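Read through the structure below, which is laid out as structure tokens, and then see the notes.
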Amino acid sequence: MFELLHNIILNLDIEGTTALCAARTIAVLIVIFLSFLADITAKKLLLNALGKIISRTESKWDDALLNRKVFNRLSHLAPAVVIYLSAPIALTGHNTLVHTITTVAFIFMVLIAILALDALLSASLDIYESYNISREIPIKGFVQVLKIITYFMGAILLISIAIKKSPFYLLSGLGALTAVLMLVFKDVILGFVAGIQLTANRMVAHGDWVEMPKYGADGEVIELALTTVKIQNWDKTITTIPTYFLINESFKNWRGMSESEGRRIKRAINIDINTIRFCTDEMIDRFSKIQCLTNYIQSKKQEIAEDNSGKTVYDFALINSRRLTNVGTFRAYIIEYLRQQPMINKDMTFIVRQLAPTEHGLPIEIYVFCSDKDWANYEAIQSDIFDHILAAVNEFDLKVYQDPTGHDFSRLKGQDQRGDRVPQKNH
């Protein structure tokens, strides 16, 4: 191209030196024009056409490539390729200048290729996360490792181009820097190994409810990266924990509850032991009118009558015979009441039991599972159940234990001032 321009200018009767400068100037301007033309063609025409084609397709992977600007970054290669190929022709005879321009153009193309590969990896991650399997097997940490390797190898290649040395020459000299690299990339290496263990053993995944009180983490995993795990707590704060801490220390994962058929309700109410007694005939007649207890009372009366047959039973010595108690009848009522609740899963653990008595009374614990695992619904169902049970306690001549409050002491003080207190005996 340059020789053709030179001959044309010589035919126009222009002196040799002037013709040479004019031909070289025109050749340079043509290269610049072609580079601009290639840039406009790649960015304005090809990218716009490609965007319209992608918008009409139903697949999502091409949308990810477009959103991550993979094609946009590749379009920057067009002017660089034109300059890299045309500069030696336009600047024939200027070897130093040609070498400088082509080196800069090649470095630019390598840099664009690195950025395009980075965008391609990000797009691949977006495509993978659109599938359900990504919640069980996250790969963000592995993608980040590939990005680090890409930038590291890209930096080696760029330096080797700049100093005119083979990349293997630089890599061979990194052996002495191994200890330094291990120190610099300590968290990356630990995070990478921890990520492999977490993924292989399926210990934690995106969307899991994780509880780690030591670090104030109690919420949903929103990001499982190479070096950190981000947990959004229920108060909407975010706790960041190093990935390898999930391997070295213990944490609670509520995934088993989420994947099961119910969410556990485990709560106890404390009965005042002073109110526990044998049931009298009047109490039994009253309890038998409660729909949940009708069948229970009938079966128990028959069972007790058979057991007490042949025994001498005195009304003033109830302990000599088998009798119902108000707390046992109350426990039977709770069992039947819970069985009638549609939101209680009867196929999972279903227990209403007494715990060991304490200074706070006799705990009656309910251990069942709610079919609705949504937090708000679960809490509402649990509250409704205990609202009813706490209100029903008095129907069985029982009382819920409660520590004395200031109101109780003030009431006692008022009774003392009115003279209502029973006088103590003199000793």
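The values are calculated or read from the model by the stated rules, or taken from the named source; none is laboratory data. These numbers were taken from a predicted model, which means no experiment stands behind them. With ideal geometry, Cβ positions are generated from the backbone for all residues, glycine too; neighbour counts draw on all protein chains shown.
Miscellaneous remarks
- Considering Ala90, Ala80, the condition of being modelled with pLDDT of 80 or more, surrounded by 21 or more Cβ atoms within 10 Å (Cβ to Cβ) and in contact with a Phe, Trp or Tyr (Cβ under 8 Å, 6 or more places away or on another chain) is satisfied by Ala80 alone.
- Looking across Leu65, Leu117, one residue alone is at pLDDT 85 or above and under 22 Å from Gln144 (Cβ atoms). It is Leu117.
Conditions (1) under 50 Å from the mean Cα position of the chain (by Cα); (2) outside the structural domain of Asp118 (by TED's automatic domain parsing); (3) of a type in the set (Val, Ile, Thr); (4) surrounded by fewer than 15 Cβ atoms within 10 Å (Cβ to Cβ), marked per residue:
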site: Thr25; (1), (2), (3), (4): no, no, yes, yes
site: Val28; (1), (2), (3), (4): no, no, yes, no
site: Lys44; (1), (2), (3), (4): yes, no, no, yes
site: Asp62; (1), (2), (3), (4): yes, no, no, no
site: Leu66; (1), (2), (3), (4): yes, no, no, no
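- For the range 195-245, filtering for residues that are among the hydrophobic types (A, V, I, L, M, F, W, C) and not in a strand (DSSP E or B) leaves 10.
- Among residues of the range 358-382, those that are buried (at least 18 other Cβ atoms within 10 Å of the Cβ) and of a type in the set (S, T, N, Q), counted: 2
- Among the candidates Ile334, Ile290, Ile271, residue that is touching a Gly at 6+ places or on another chain (Cβ under 9 Å) and either within 21 Å of His388 (Cα to Cα) or modelled with pLDDT under 90 (or both): Ile271
- Scanning the range 247-289 for residues that are touching a residue at least 24 places away in the same chain (Cβ under 8 Å) and of a type in the set (Lys, Arg) yields Lys252, Arg255, Arg263, Arg264, Lys266, Arg267, Arg277.
- Among all positions in the range 335-345, there is no residue which is part of a strand (DSSP E or B) and closer than 24 Å to Gln302 by Cα.
- Pairing residues of the range 121-145 that are farther than 18 Å from Asp63 by Cα and part of a helix (DSSP H, G or I) with residues that are at pLDDT 80 or above and not hydrophobic (A, V, I, L, M, F, W, C), at Cβ distances under 6 Å and at least 6 apart in sequence or on separate chains, gives Ser134/Tyr128; Arg135/His206; Arg135/Gly207.
- Verdict on Arg322 being at negative phi, surrounded by 13 or more Cβ atoms within 10 Å (Cβ to Cβ) and at pLDDT 90 or above: no
- Scanning the range 206-246 for residues that are surrounded by fewer than 17 Cβ atoms within 10 Å (Cβ to Cβ), in contact (Cβ under 8 Å) with a residue 40 or more places away in the chain and among the aliphatic types (A, V, I, L, M) yields a single hit, Ala225.
- Residue in the range 295-303 that is over 46 Å from the mean Cα position of the chain (by Cα) and touching a residue at least 40 places away in the same chain (Cβ under 8 Å) present: yes
- Boolean, Tyr151 is modelled with pLDDT of 85 or more, surrounded by fewer than 16 Cβ atoms within 10 Å (Cβ to Cβ) and in the same structural domain as Tyr84 (by TED's automatic domain parsing): yes
- When Thr103 is tested against (1) among the hydroxyl-bearing types (Ser, Thr, Tyr); (2) within 45 Å of the chain's Cα centre (by Cα); (3) under 30 Å from Val28 (Cα atoms), just one condition goes unmet, and that condition is (2).
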